[in-house]
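The values are calculated or read from the model by the stated rules, or taken from the named source; none is laboratory data. These figures come from a predicted structure and were not determined experimentally. All Cβ positions, glycine included, derive from the backbone under ideal geometry; neighbour counts span all protein chains shown.
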Amino acid sequence: MKLDKIQLSANITRIITGAVIAIVGLILLLKPGTSLVTVCYILGVAAAIKGIVKIIESKKSNNTGAMVSGVATLVLAFVLFLHPEFLLSIFPVIIGIGILGYGIISLLSHKAKGIVPKIIPAVSVIVGIAVIVVPFKFAETITAVTGLALVIIGILLAISDFIFKKYIDTTDIPKIPDDGYKEVEFRDVED
């Protein structure tokens, strides 16, 4: 039956997708530093392709903005290839500055009495400083946590059909004839 083949195909696709997600998650979890650099290289390839396409488009349309965008994207691609660690350290530093800023502003603006309302802002200040001081370690930690989440999601996706199959009642789903056509009656509806 065609519906069974479609369902089987969907199940196989979910299992394969779940396995791929789990494998990527495992790689991120076990080798976060190497994974981040690899992601930079992949983004560098994508940026190089986009930059080249933008430059070609700008030549065809005489669009200076597209030319500048293409050249800037190519520069980004070269930086991603030549110094991925530099870019990887910038993003966590920006996040660290944001966390630090939140903590300082929250500490200065809290009017509540006592120490409890100041705990989260104080922790934010400490975390912000730690992220700024060791940004690559922060990026590796976030990557490892993301990897763990992807492993869990991938496994759940791959086994979801087996887990939830017993909860789904398919007896009330109408069967479609094997020829793929269903007889339907049309009638006029009166108001």
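Worth pointing out:
- Residues that are closer than 17 Å to Tyr41 by Cβ and either β-branched (Val, Ile, Thr) or modelled with pLDDT under 85 (or both), drawn from segment 66-79: Thr73, Val75, Val79
- Among the residues of segment 126-165, the one identified as of a type in the set (Asp, Glu) and within 28 Å of Thr13 (Cα to Cα) is Asp161.
- Screening Leu157 with (1) over 21 Å from the mean Cα position of the chain (by Cα); (2) at pLDDT below 85; (3) over 24 Å from Ile42 (Cα atoms) gives one miss only, at (1).
- Subset of segment 12-54 (residues that are without any contact (Cβ under 8 Å) to a residue 24 or more places away in the chain and surrounded by 19 or more Cβ atoms within 10 Å (Cβ to Cβ)): Lys54
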